[in-house]
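Novice: Next up is a structure, given as structure tokens.
The values are calculated or read from the model by the stated rules, or taken from the named source; none is laboratory data. Model, not experiment: these values are computed from the prediction. Virtual Cβ from ideal backbone geometry, glycine too; neighbours counted across all protein chains shown.
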Amino acid sequence: MDKLIIEGGNRLIGTVEISGAKNAVLPLMAASLLTDGQTRLTNVPKLRDIETFKKLLVHMGCEVFSDSDNRTLTICADNVTRPEAPYELVKTMRASILVLGPLVARFKRARVSLPGGCTIGARPVNLHLMGLEKMGARVSIEHGYIVVEAEKLTGAHIYLDQPTVTGTENIMLAAVYAEGETTIENAAMEPEITALASALNRMGADISGAGTDTIKITGTSELRATEHRVIYDRIEAGTFMIASAITTGNVLIKNCPIEHLDSLVAKLKEAGTEITEEEDGVRVVGQWPIRSVDIKTYPYPGFPTDMQAQIMTMMSVAGGLSVITETIFENRFMHVAELKRMGADITVDGRNAIVKGVDRLSGAPLMATDLRASASLVLAGLVADGTTIISRIYHLDRGYEDIEKKLKALGARIERIRSEERF
């Protein structure tokens with residue numbers, strides 16, 4: 001497996017461009033299953049998860065084409081013959097569950113392996129299945145697979161016990177073909193939800209309320225294939241903001257969706273980082289010493305759980321004590337052990353991590369455990385004394401496009417050591 005080798009201590013200076021959002025393109029790829037014709041997606045990032053989802057669509061019978069630089073995907077679902085998602089493809093990517101809604105909506109049946117992905121805690125799919133059952137589907141679990149059948153779907157009132165992004169998306173993707181009106185209460189409000197709703201409306205759906213906690217979908221009998229541009233990745237942008245802040249850098253971030261990063265921007269400014277909007281991007285200038293701040297993750301528009309590991313790295317070299325509370329996932333502190341190997345002073349007490357800032361981190365061999373933890377270790381390597389070697393970076397490749405190339409262009413001393421195993 002590939003490794004990253006980082007020599008810490010360099011300030012990051014320059015300009016970086018943010019790629020399209022993984023968490024926005026995957027639901028759009030799933031939405032292509034809802035219609036005949038060619039769905040065209042632009043601003044597609046080059047990521048491991050995209051390649052996995054492409055293989056999944058091809059397995060079902062879709063035709064999938066990429067342009068010469070892999071920035072545009074064309075998907076044709078005219079000849080889907082296998083409305084199923086096998087374990088071999090689903091086990092590494094939880095977002096595969098997103099095919100469940102559109103398959104049931106259009107083909108009236110689906111067989112989808114229970115999903116895998118990052119081991120950051122229990123992420124049950126019961127809310128997805130509850131929503132489909134409310135609309136009239138029959139659901140069973142057989143030999144590790146979710147099996148769903150429905151002669152027809154009927155609009156329903158669906159209350160989610162907790163906001164779930166993929167659950168909200170799956171119910172939306174099914175409800176577009178349900179008879180009557182479906183209401184989702186306590187829906188997730190993330191920008192990726194709004195982007196999916198906008199795309200579905202361009203296809204002929206009738207969806208209102210996306211971006212609020214109540215979404216209404218009036219079913220239709222037919223959608224049309226069309227073109228969608230993928231929004232920019234707010235989590236990648238946030239990661240580069242912290243990279244500049246933690247290295248006392250001066251980085252202009254282009255394509256930065258700062259309107260989706262209010263909670264992170266507020267905390268970075270509280271920690272002393274200078275953030276200014278310019279004509280062609282957002283400039284982030286780090287200041288030393290970093291001030292400690294407390295963080296509590298919440299569903300959007302609260303502080304994103306996908307930025308918790310990265311902000312913890314920043315707090316590990318801040319002046320003072322900070323408390324980081326994780327309310328979304330119960331097992332999202334696995335990066336703590338690796339940061340402590342670098343000299344971080346972190347104590348975990350249930351869902352709280354108490355972080356006492358240290359003067360410096362020391363480079364060390366590290367093992368990545370999940371996607372965002374991988375990013376936090378890269379940030380730690382950038383600011384640490386000496387050499388940091390990060391193994392199992394296939395997690396990183398699931399959600400960050402060419403992160404080492406982008407960091408190197410900003411002045412980081414970082415290299416990828418490639419193995420023979422490729423995806």
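Novice: Could you say which residue among ILE390, ILE324 is surrounded by 24 or more Cβ atoms within 10 Å (Cβ to Cβ) and in contact with a Leu (Cβ under 6 Å, 6 or more places away or on another chain)?
Specialist: Working: ILE324 fails: in contact with a Leu (Cβ under 6 Å, 6 or more places away or on another chain).
The conditions single out ILE390.
Novice: Please determine, by comparing only the residues of the stretch 349-365 that are surrounded by fewer than 16 Cβ atoms within 10 Å (Cβ to Cβ) and out of contact with any strand residue (DSSP E or B) (no Cβ under 6 Å at 6 or more places or on another chain), which one is nearest to THR247 (Cα to Cα).
Specialist: Looking at the filtered set, the residue picked out is ASP359.
Novice: Filter the stretch 283-302 down to the residues that are outside any loop (DSSP other than H, G, I, E, B) and either under 14 Å from the mean Cα position of the chain (by Cα) or of a type in the set (Lys, Arg) (or both) and list them by number. Show your work before the answer.
Specialist: Initially, the stretch 283-302 is screened for residues outside any loop (DSSP other than H, G, I, E, B), giving 283-285, 291, 295-297.
Correct list: ARG283, ARG291, LYS296.
Novice: Touching an Asp or Glu at 6+ places or on another chain (Cβ under 9 Å) and in the same structural domain as ILE193 (by TED's automatic domain parsing): is that true of ARG283 in this structure?
Specialist: Details: touching an Asp or Glu at 6+ places or on another chain (Cβ under 9 Å): yes; in the same structural domain as ILE193 (by TED's automatic domain parsing): no.
Taking the combined requirement at face value, the residue does not satisfy it.
Novice: Hey, another quick one. When residues of the stretch 217-271 are filtered for being crowded, with 23+ Cβ neighbours inside 10 Å, among the hydroxyl-bearing types (Ser, Thr, Tyr) and assigned to a helix (DSSP H, G or I), how many remain?
Specialist: Here the count works out to 2.
Novice: Identify all residues within the stretch 67-118 that are among the small types (Gly, Ala, Ser), within 16 Å of ASP49 (Cα to Cα) and in a loop (DSSP other than H, G, I, E, B); write none if there are none.
Specialist: Taking the stretch 67-118 as the starting set, the residues that turn out to be among the small types (Gly, Ala, Ser) are 68, 77, 85, 95-96, 101, 105, 110, 113, 116-117.
Among the residues that remain, those that are also within 16 Å of ASP49 (Cα to Cα) are: 85, 95-96, 116-117.
GLY116, GLY117, listed by residue number.
Novice: Go through the residues of the stretch 351-359 one by one and say whether even a single one is part of a loop (DSSP other than H, G, I, E, B), in contact with a Leu (Cβ under 6 Å, 6 or more places away or on another chain) and farther than 18 Å from GLY9 by Cβ.
Specialist: The answer is no; no qualifying residue exists.
Novice: Next question, about the same structure. Go through the stretch 272-291 and count every residue that is within 21 Å of ILE346 (Cα to Cα) and buried (at least 20 other Cβ atoms within 10 Å of the Cβ).
Specialist: If we filter the stretch 272-291 for residues that are within 21 Å of ILE346 (Cα to Cα), which is where we start, we get 288-291.
Within this subset, residues satisfying the condition of being buried (at least 20 other Cβ atoms within 10 Å of the Cβ) are 290.
Summing the residues that are within 21 Å of ILE346 (Cα to Cα) and buried (at least 20 other Cβ atoms within 10 Å of the Cβ) in the stretch 272-291 gives 1.
Novice: Related question: Which fully enclosed strands (runs of 3 or more DSSP E) of the stretch 131-180 have 2 or more residues being over 23 Å from ILE193 (Cα atoms)?
Specialist: Numbers: elements: 138-142, 145-149, 157-159.
It comes to 138-142, 145-149.
Novice: Could you run through the stretch 169-193 and say how many residues are more than 14 Å from MET135 (Cβ to Cβ) and buried (at least 19 other Cβ atoms within 10 Å of the Cβ)?
Specialist: First, the residues of the stretch 169-193 that are more than 14 Å from MET135 (Cβ to Cβ): 169, 185-193.
Retained after the next criterion (residues that are buried (at least 19 other Cβ atoms within 10 Å of the Cβ)): 169, 187-193.
Count: 8.
Conditions tested, residue by residue: (1) in the same structural domain as TYR394 (by TED's automatic domain parsing); (2) modelled with pLDDT under 95; (3) among the β-branched types (Val, Ile, Thr); (4) surrounded by 16 or more Cβ atoms within 10 Å (Cβ to Cβ).
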| position | (1), (2), (3), (4) |
| --- | --- |
| LEU12 | yes, no, no, yes |
| GLN38 | no, no, no, yes |
| ALA77 | no, no, no, yes |
| GLU88 | no, yes, no, no |
| THR92 | no, yes, yes, yes |
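Novice: To continue, here is another question. When you check ALA380 against the structure, is it part of a helix (DSSP H, G or I), modelled with pLDDT under 95 and either assigned by TED's automatic domain parsing to the domain that holds PHE240 or touching a Phe, Trp or Tyr at 6+ places or on another chain (Cβ under 7 Å) (or both), yes or no?
Specialist: Numbers: part of a helix (DSSP H, G or I): yes; modelled with pLDDT under 95: no; either assigned by TED's automatic domain parsing to the domain that holds PHE240 or touching a Phe, Trp or Tyr at 6+ places or on another chain (Cβ under 7 Å) (or both): yes.
No, not satisfied.
Novice: Checking MET241 against (1) free of Cβ contacts under 8 Å to residues at least 12 places away in the same chain; (2) assigned by TED's automatic domain parsing to the domain that holds ALA271; (3) not aromatic (Phe, Trp, Tyr), only one condition comes out false. Which one?
Specialist: MET241 satisfies all of (1) free of Cβ contacts under 8 Å to residues at least 12 places away in the same chain; (2) assigned by TED's automatic domain parsing to the domain that holds ALA271; (3) not aromatic (Phe, Trp, Tyr) except (1).
Novice: Quick one: what pairs do we get from the stretch 196-211, first residue within 18 Å of MET29 (Cβ to Cβ), second modelled with pLDDT of 95 or more and hydroxyl-bearing (Ser, Thr, Tyr), C-beta under 7 Å, 6+ apart or different chains?
Specialist: From residues that are within 18 Å of MET29 (Cβ to Cβ), the pairs are ARG202/THR226; MET203/THR35; MET203/THR226; ALA205/THR220.
Novice: Here is a follow-up. Find the residue count for the stretch 383-423, including only residues that are assigned to a helix (DSSP H, G or I) and within 24 Å of ILE13 (Cα to Cα).
Specialist: Pass one, the stretch 383-423, residues assigned to a helix (DSSP H, G or I): 383, 394-397, 403-409.
With the extra rule that they be within 24 Å of ILE13 (Cα to Cα), the set shrinks to 383, 396-397, 403-409.
Number satisfying all stated conditions: 10.
Novice: A further question on this structure: LEU396 passes all but one of (1) of a type outside the set (Asp, Glu); (2) within 15 Å of GLN310 (Cα to Cα); (3) touching a Lys or Arg at 6+ places or on another chain (Cβ under 6 Å); which number fails?
Specialist: With (1) of a type outside the set (Asp, Glu); (2) within 15 Å of GLN310 (Cα to Cα); (3) touching a Lys or Arg at 6+ places or on another chain (Cβ under 6 Å) applied to LEU396, the lone miss is (3).
Novice: Which members of the stretch 176-195 meet the condition of being more than 21 Å from TYR298 (Cβ to Cβ) and touching a helix residue (DSSP H, G or I) at 6+ places or on another chain (Cβ under 8 Å)? Don't jump to the end; show me each part of the working.
Specialist: First pass over the stretch 176-195, keeping only residues more than 21 Å from TYR298 (Cβ to Cβ): 176-183.
Matches in the stretch 176-195: VAL176, TYR177, ALA178, THR182.
Novice: State whether one or more residues within the stretch 160-168 are surrounded by fewer than 22 Cβ atoms within 10 Å (Cβ to Cβ) and closer than 22 Å to VAL90 by Cα.
Specialist: Narrowing the stretch 160-168 to residues surrounded by fewer than 22 Cβ atoms within 10 Å (Cβ to Cβ): 160-163, 165.
In the following step, the residues that additionally are closer than 22 Å to VAL90 by Cα were identified as 165.
Yes - at least one qualifying residue is present in the stretch 160-168.
Novice: Taking the stretch 214-240 as the region of interest, how many residues are aliphatic (A, V, I, L, M) and in contact with a helix residue (DSSP H, G or I) (Cβ under 6 Å, 6 or more places away or on another chain)? Give the steps one after another, and end with the answer.
Specialist: To start, the set of residues in the stretch 214-240 that are aliphatic (A, V, I, L, M) comprises 215, 217, 223, 225, 230-231, 235, 237.
From what's left, in contact with a helix residue (DSSP H, G or I) (Cβ under 6 Å, 6 or more places away or on another chain): 217, 223, 230-231, 235.
Result for the stretch 214-240: 5.
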